[in-house]
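Take a look at the structure set out below.
The values are calculated or read from the model by the stated rules, or taken from the named source; none is laboratory data. The structure presented is a predicted model; accordingly, all values stated were derived computationally and were not measured. Because the Cβ atoms are built from the backbone with ideal geometry, glycine has one as well, and the counts that use them run over all protein chains shown. Ligands, DNA and RNA are excluded from the accessible area calculation, which covers all protein heavy atoms including side chains. Shrake-Rupley method; radii C 1.70, N 1.55, O 1.52, S 1.80 Å.
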Amino acid sequence: MHLSFLTPPVVRLRADGSFETLHEGGLLGRLRPPVVLLARSLCAFKLFEAGAIPANRRRQAARLHARVAAPYIIAGTALVKAGADFGVWWWDIEHNAGPIQARYGTKRVAVRPESLAQPPANGWRVVKLDEGYESQLWRAGDLIASAWRPSRPDAGGWAAFTRLQRGDTPAEDSPPAPQSLPIAYDSEAFSITRMEMSRDQLLALAGGGFVFATLVLAAFWTGQAATLQSRTKAIAAETDAVRQAVATLPQAGDVQGERRKLIGYRTLEEQTNPLTAAGAAVTVLALQDLSASQLSVEEDVLTLTLPYAAGRRSDQLVEEFEGSGYFYDVRPSTDAARTTYKLEMKIREDAAPLTVLE
């Protein structure tokens, strides 16, 4: 789901150093750093195959590969999850720094290859870009191979690209008709990351996220009346237990008694319940430009159902939810039809309030 009010200002940097404005930015998105989409001719792409590496070491290995295999002396990089592998993007920082600095000065910007702003696909395609053409191979919504050329690929150029790819459906002898694609503002290129945001900007975005979270929670709790009622009774029983425990304490001049009473109520207040846990989950999703199509809570387990494309950020989402302090044992999965992506996580009983840090 694209949240238009969070869309940052977007420009395209062409090979000649000129800029094209693509989006002025949403109401809150203008607080975010501008996104500079680099023309495909300014970038290089390679698939890093990590399937043989232990799962908990794959991203680390991909980062190391991005550093040592960079085709530029001073390279910018971006990693994109592609199943068990990673798509690695490089660009020449020295070459692009001049135009970017001339336009933005010392202002922080987010640099992305323009291919990351395209709608995902499956199989082979040729994309007509603002400058040149890009031949692509996609697998289940993940970009596997990419090659740029200034002119439309002919049969020879197409064969040179396709014969380098392994284990996929054979391509046609002739290249497919080029497609002119719209900008996909819910794509990887525009995801919110903590590194690109200042503390003040995150706090401002959190305000917008809170409004969104409130609306989603209102709908969620409409279908959770039975769970709420059960939880309310449990909290009421706990409250009565605390009242009974402190009722026998001296009421006049007993400072210790009052202190124990306050500690008892504070303990109840700080306990995590389904409402606070669901609110924390929706806030984390909002900061990632995502929203859940379904949200359910059973005892101490919260389950989120997201679009299948969110699985490309699986590692990042697991890290964000576990880092929030509200959840642990976060388990991602996809359904058999590969149409949805699910996150199942356990709720901590005494989670600290959710804070957003730079």
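Listing for the model above:
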| read-out | value |
| --- | --- |
| Residue, farthest from Arg63 (Cα to Cα), within segment 312-350, restricted to residues that are in contact with a Lys or Arg (Cβ under 8 Å, 6 or more places away or on another chain) and of a type in the set (Gly, Ala, Ser) | Gly325 |
| Residue match in segment 270-283 (condition: among the hydrophobic types (A, V, I, L, M, F, W, C), open to solvent by 50 Å² or more (accessible area, probe 1.4 Å) and modelled with pLDDT under 60) | no |
| Residues located in segment 12-30, provided they are at pLDDT 95 or above and either among the polar types (S, T, N, Q) or open to solvent by less than 10 Å² (accessible area, probe 1.4 Å) (or both) | Leu13, Ser18, Thr21 |
| Filter pass, Phe48 being touching a helix residue (DSSP H, G or I) at 6+ places or on another chain (Cβ under 6 Å), open to solvent by less than 20 Å² (accessible area, probe 1.4 Å) and under 15 Å from Ser146 (Cα atoms) | no |
| Close pairs from segment 167-189: first under 24 Å from Gly25 (Cβ atoms), partner part of a loop (DSSP other than H, G, I, E, B) and open to solvent by 50 Å² or more (accessible area, probe 1.4 Å), Cβ under 6 Å, at least 6 apart | Tyr185/His2; Asp186/His2 |
| Residues of segment 288-345 satisfying the condition of being in contact (Cβ under 8 Å) with a residue 40 or more places away in the chain and among the aromatic types (Phe, Trp, Tyr) | Tyr308, Phe321, Tyr326, Phe327 |
| Top-ranked residue in segment 312-340 [being within 23 Å of Val88 (Cβ to Cβ) and touching a helix residue (DSSP H, G or I) at 6+ places or on another chain (Cβ under 9 Å); ranked as surrounded by the fewest Cβ atoms within 10 Å (Cβ to Cβ)] | Asp315 |
